[in-house]
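Read the structure below first, then the notes.
The values are calculated or read from the model by the stated rules, or taken from the named source; none is laboratory data. It should be emphasised that the depicted structure is a prediction, and the values quoted were computed from it without experimental measurement. Cβ placement follows ideal geometry from the backbone for every residue including glycine, while neighbour counts extend to all protein chains displayed. When the accessible area is computed, the model is the full protein with side chains, heavy atoms only, and any ligands, DNA or RNA have been set aside. Shrake-Rupley method; radii C 1.70, N 1.55, O 1.52, S 1.80 Å.
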Amino acid sequence: MKQEQSIADAERIRQLLLAWATATRTGAHDAILQGHDPDVLVYDVLPPLLYRGADAYRASWSDWQPQTQGEDTFEFTELKVVAGSEVAFASGLIKCGGTLQGGRTFEDLVRATFCLQKRSGEWLVTHQHISKPAGA
């Protein structure tokens, strides 16, 4: 039974993170932080690199989100989830890219790690770390 619950929790977390990726890709700002703790700690690729809380992270989006045309790319190419009864972690690679307003395209591959806690029966991301190798 315990292993079955762990598998079910891992799948719930996988779906939560896939929904996060979809919301990010489609620019659904109100949905991006669903499933994130209000006090989430976020390390991100772009400055200032550290955000304390969902409000601080969301306030930065207009500063760094590129204006693109057409559909963007933001999808997991790998995603591994390990779930315990109260805590879990997930990691993977995310392919991101798009076409800028002038027609130039960009593409990146970044690393992602998520730490989650189960609170009142729901999984919440309490730490998110997106990074890219130096010089890449």
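Run the reach check for K95 against lysines, Cα to Cα strictly under 16 Å, same-chain hits fewer than 8 apart removed. What comes back? Answer for K95, where 16 Å is the Cα cut-off: K80, K132, listed by chain and number.
Between L50 and T126, the distance separating the two model label sites (each 7 Å from Cα on the Cα→Cβ line) works out to 1.9 nm. Largest accessible area first, the listed residues Y43, Y51 line up as Y43, Y51 when surface is computed with a 1.4 Å probe on the assembled protein chains. Surface composition of the chain: carbon plus sulfur atoms hold 52% of the accessible area, using a 1.4 angstrom probe and ignoring ligands, DNA and RNA. The mean accessible area for residues of region 29-136, using a 1.4 Å probe and ignoring ligands and nucleic acids, is 58 Å² per residue. Summary of the geometry: region 64-136 and region 4-19, compared by the centres of their Cα atoms, lie 16 Å apart.
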